[in-house]
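Trainee: Structure in C-alpha cells, see below.
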Amino acid sequence: MQNRETKKNEKYEKILEAAIKVFSRHGYYKATISQIAREAGVADGTIYLYFKNKDDILKSFFTYRTREVFAKFKDEVKKGKNALDKLRRLIHAHLSAFEKSREMAIVYQVECKKRSHLSKDKIKEMSSMYMELVKEIIQLGQQEGTIRKDLSIPLVRQFMVGAIDEVITTWVYTSKKYSLSSMTDPLMDLIVKGIGSNKEK
C-alpha cells in the first residue's frame, strides 16, 4: 500500500507533467492554472497545495527536471571508455533527453530562457555543473592526445554547448519531423574534425 508521501510525490509529478504540456501548447503567458488542473485531472485548488503560482511551477520544472536529466548525463559519461567516447555519450544523452519529451524541450528552450530571472541561481548552478563536466572531458582528451592541447578550453566549451543548443532549438521550431538523437554523430564529427580541410591550395 502506498504511503502518503509517495502519493504526494506522484500528484506533484502529475501536475508538473501537465503544466509542461500546457505551457508547450499555449505558451507560459497564456497558460492558466485551470488548464493545468484540467490536464492533470485535479481541481484548481489542488494545484495550490503544491505550487504558489505559475512562476513557482516553472521554477519547479526547471529544478526538478534539470537535476534529473543532469544525473543521467553524468551516468552516461562515466560509462565512456575514453574522452571521445564520453563526449559522444554526453551529446547523445543530451539530445535524447529532449527528444524523449518535445514538450519539455519547448518549455526549456523557449519559456525558461525567456523567463530566466525566475530560476537565475538554479540556471547558473546547473550551467556551471554542465560546463565542468565538459571541461573534464576536454582535459582528458588533451591528456590522451585526442583533443588538441593548444585549444582554449572555455572556447571549446562554448563552441560545443552552443552547437548542441542550436541543434535542439532548430528541432523544436522546425515543421519537419526527424530524430534529434540522429544528430549525435554529425555533431561529433563537426566538433572533433572541425570544418577545415587538410588540402593545400
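None of the figures in this text is laboratory data; all of them are computed from the coordinates on show. All of these numbers come straight from a predicted model, not from anything done at the bench. Here the Cβ positions follow ideal geometry from the backbone for every residue, glycine too, while neighbour counts run over all protein chains shown.
Trainee: So which of Ile106, Ile137 is among the hydrophobic types (A, V, I, L, M, F, W, C), closer than 28 Å to Lys54 by Cβ and assigned to a helix (DSSP H, G or I)?
Mentor: Working: Ile137 fails: closer than 28 Å to Lys54 by Cβ.
Exactly one residue qualifies, and that residue is Ile106.
Trainee: While we're looking at this one, here's another question. Restricting the first residue to the range 21-35 and requiring it to be touching a residue at least 12 places away in the same chain (Cβ under 8 Å), which pairs with a second residue that is of a type in the set (D, E, K, R) meet a Cβ separation below 6 Å and a spacing of at least six or different chains?
Mentor: The qualifying pairs are Lys21/Glu39; Lys21/Glu103; Val22/Glu39; Phe23/Glu111; Ser24/Glu103; Tyr28/Glu111; Ile33/Asp44.
Trainee: For the range 58-88, what are the residues that are part of a helix (DSSP H, G or I) and over 17 Å from the mean Cα position of the chain (by Cα)?
Mentor: Residues of the range 58-88 that are part of a helix (DSSP H, G or I), as a first pass: 58-79, 83-88.
Scanning the range 58-88 gives Lys78, Lys79, Ala83, Leu84, Asp85, Lys86.
Trainee: Could you please tell me which pairs satisfy a Cβ distance under 7 Å, a separation of 6+ or placement on different chains, a first residue in the range 36-52 that is under 14 Å from Ile20 (Cα atoms), and a second residue that is not in a helix (DSSP H, G or I)?
Mentor: Here the result reads Ala37/Ala43, each pair linking the range 36-52 to a residue that is not in a helix (DSSP H, G or I).
Trainee: Another question, if that's okay. Filter the range 45-76 for residues that are loosely packed, with under 13 Cβ neighbours inside 10 Å and acidic (Asp, Glu); which is farthest from Leu133 (Cα to Cα)? Can you show your working first?
Mentor: Of all residues in the range 45-76, those loosely packed, with under 13 Cβ neighbours inside 10 Å come to 45, 49, 52-53, 68, 71, 75.
When the remaining residues are screened for being acidic (Asp, Glu), the result is 68, 75.
Working: Glu68: 16, Asp75: 11 Å.
Checking each candidate, the answer is Glu68.
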